[in-house]
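The values are calculated or read from the model by the stated rules, or taken from the named source; none is laboratory data. Computed from a predicted model, the values in this text were never measured in an experiment. Neighbour counts are summed over all protein chains in view; Cβ atoms, including those assigned to glycine, are modelled from backbone coordinates with ideal geometry. Ligands, DNA and RNA are stripped out before the accessible areas are found, and what is left, the full protein with its side chains, is counted by its heavy atoms. Shrake-Rupley method; radii C 1.70, N 1.55, O 1.52, S 1.80 Å.
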Amino acid sequence: MTDYNLLADQIKSLAEDEPNFIPVLSNASALIYDAMEDLNWAGFYLMNKGSLLLGPFQGKVACIRIALGKGVCGTAAGNDETLVVPNVHEFTGHIACDCASNSEIVVPIHNDGKVVGVLDIDSPKLNRFSEDDKLGLEKFVKALEEVITFE
């Protein structure tokens with residue numbers, strides 16, 4: 001079981017000396033990838049020119065740009081809601097950056113009340129993400145929102 005309280009505390013601590021989004025999100029993706037089991041990708045997409053642009057991540061190569069409303073990430077960002085997808089192959093419009101991914105969770109990230117990106121986590125395991133994962137990752141993203149600067 002992943003200790004999401006510990007992850008939130010760790011990211012707050014890591015951001016104390018430098019809150020810039022690049023190092024903080026880089027460390028955040030490494031923390032998640034190391035702490036959670038059965039993942040093949042953990043990282044971020046950030047709003048850029050009206051779509052999501054690949055940000056810091058751990059795992060296999062990924063899609064570089066995703067339009068709002070497209071795929072799990074674009075849908076989560078466009079609707080400003082966390083999406084838990086037990087089987088990505090059943091998600092209409094799923095974008096297969098890695099054909100080994102079978103389940104996914106995406107959590108929007110906010111700054112000044114606007115969606116500025118998403119946390120995206122993929123697993124090769126079907127039904128990998130639980131309600132506890134959803135709540136824990138939303139808490140982790142809240143911690144990120146409190147400490148990160150997007151300047």
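Observations, loosely collected:
- Extension gain, HIS89 back to GLU138 (0.36 nm per residue minus Cα-Cα distance, nm): 15.3 nm
- Dipole check for the chain: with +1 at the C-beta of Lys and Arg, -1 at the C-beta of Asp and Glu, and the Cα centre as origin, the magnitude is about 580 Debye.
- Once both labels are positioned 7 Å from their Cα atoms along Cα-to-Cβ, the gap between ASN127 and ALA67 label points is 3.4 nm.
- Solvent exposure, largest accessible area first (probe 1.4 Å, DNA, RNA and ligands not counted), of VAL72, VAL147: VAL147, VAL72
- Net charge of the neighbourhood of GLN58, taken over other residues with C-beta under 13 Å away and scored Lys/Arg +1, Asp/Glu -1, is -3.
- Per-bin percent of Cα-Cα distances, the stretch 4-146 [10 Å]: 12, 48, 34, 5, 0
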